[in-house]
Amino acid sequence: MFPTAIAGSLPKPSWLAETHKLWPKWKAEGDELRQAKADATLLWIKAQEDAGLDVVGDGEQSRQHFVHGFLEQVEGIDFEHKVEMGIRADRYKAMVPQVVGPLRLKGRVHEFEARLARAHTTRKLKFTMPGPMTIVDTVADHYYGDRVKMAFAFAELLNQEALALQADGVDIVQFDEPAFNVYMKEAADWGVRALERAAQGLRCTTAVHICYGYGIQANIDWKASLGEEWRQYEAVFPALAKSRIDQVSLECFHSHVPPHLMRLLEGKDVMVGVIDVASESIETPEQVADTIGEALQHVPKERLLPCTNCGLAPMDRAIALKKLEALAEGAALARRRYG
Ligand SMILES: [Zn+2]
């Protein structure tokens, strides 16, 4: 009961990349960088296991950013000439690569770190990739001229890599779609369909992570502007409930999401965010168990998976580690309370 997992990303050690940044520069290159990424991946797998998490991941140690890490292996994208673009409905500016031709995978994207992780843990292994709509929102288009068309082109590539990850022994393939909380109507109209295209033919567990973003200032300001009740999930959950995606993650602790919106996900496993990634204070096991208790009023216990609200990438490494422990300890307390 209550198997724990993180949303996906973890802080990179200071010997691998710049710390406390969303787009950190690597500290090495070539073979040395490859080895450093591998070392960081193993370090975090051990740390997740030691913390007591049931599902572990690579902590996204091999990618600079959760979207651009995938794009680096895609042909038809110009990384040499990045342009500044307002992303997530202009919430913040980012330097993004440009789509300049038909999209094709250059080869495998995550084979190295997926196989490495699989070889070094017997726990369930989750692997994350950006969802098609979020990719489309994090790249400049100079070729397709149509967001939906481009999203489905990316979905095909994601699907190729997802099927290969499944063959590598990954148990859960998760797509990250923070854009679903920004373009709610489009998410329901075509975002979920594009997501299903990305997950087509997978026999492993499939998941989607939808959040209010990393704990960076632009997101903290945005959340403050959303008012007393955050109802963004209301538009997309019904479409997800009808989809073939198995698990859906949402922000809960310290959010203004009305918990009853979880009822819209009937029939799905719900990854409930019980750890705040925008605060450096460490949740107590009681706080985590209380959040789980609140969610239990809307989600059956066999479908409730305690999780972090979002990735931990830009956080302090020592704090992230303590938050992993809080997640596991809180879930253990909830098992005693509600089991
Ligand atoms: Zn997130």
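Of note:
- Expressed to the nearest 5 percent, the antiparallel share of DSSP beta bridges inside the chain is 30 percent.
- Percent of C-alpha pairs per 10 Å bin in region 76-128, short distances first: 19, 27, 29, 23, 1.
- Between the amide H of Leu296 and any residue lying 5 or more places away or on another chain, no distance stays under 5 Å, with hydrogens modeled in the peptide plane.
- Among the GluC sites (Glu not before Pro) found in region 200-243, those both in a DSSP coil and sparsely packed, with 11 or fewer other Cβ atoms within 10 Å of their Cβ, are Glu228, Glu229.
- Residues Ile245, Ile220 arranged by fewest to most Cβ contacts within 10 Å: Ile220, Ile245
- Spatially, region 274-321 and region 50-104 are offset by 25 Å when compared through their Cα centroids.
- Cys residues of the chain that find no other Cys beta carbon under 4.7 Å: Cys204, Cys252, Cys307.
- Here the gap between Ser225 and Glu75, fully extended at 0.36 nm per residue and compared with their Cα-Cα distance, gives a gain of 50.2 nm.
- Unit charges at the beta carbon, dipole of the chain: most positive-side option, Leu16, Ala289, Ile275: Ala289
- Dipole size of region 111-258 about its Cα centre, with +1 on Lys/Arg Cβ and -1 on Asp/Glu Cβ: approximately 460 debye, rounded to the nearest 20.
- Across the options Gln61, Ala241, Gly215, the greatest Cα extent toward the positive end of the charge dipole of the chain (unit charges at beta carbon of Lys, Arg, Asp, Glu) belongs to Ala241.
- For region 180-194, backbone phi angles converted through the Karplus equation (6.51, -1.76, 1.60; θ = phi - 60°) give residue-by-residue couplings of 4, 8, 10, 10, 5, 5, 4, 4, 6, 6, 9, x, 5, 5, 5 Hz, Gly and Pro being listed as x.
- A Cβ-based charge dipole, computed about the Cα centre of the chain with Lys and Arg at +1 and Asp and Glu at -1, lands at about 520 debye.
- Cα-projected label distance for Glu49 with Asp90, points at 7 Å along beta-carbon direction, nm: 5.0
- Mean-position separation - Cα centroids, region 182-231 and region 3-45, in angstrom: 24
- Once the chain from Asp171 to Lys322 is taken as fully extended at 0.36 nm per residue, the excess over their C-alpha distance is 51.8 nm.
- When only the Cβ of Lys, Arg, Asp and Glu is charged (+1, +1, -1, -1), the dipole of region 80-145 relative to its Cα centre reaches about 520 debye.
- Protection-proxy order for peptides 180-187, 28-35, 278-285, each taking the mean of Cβ atoms within 10 Å per residue, highest first: 180-187, 278-285, 28-35
- Label-to-label distance for Asp141 and Glu29 is 3.4 nm, based on points extended 7 Å past Cα in the beta-carbon direction.
- What the Cβ-Cβ distance of Arg336 and Lys149 gives, at R0 = 45 Å and to the nearest 0.05, is a FRET efficiency of 0.30.
Only the coordinates and a few stated rules stand behind these numbers; no lab work does. Computed from a prediction, not measured in an experiment: that's the story for all the values here. No Cβ is skipped: glycine too gets one built from the backbone with ideal geometry, and neighbour counts run over all protein chains shown.
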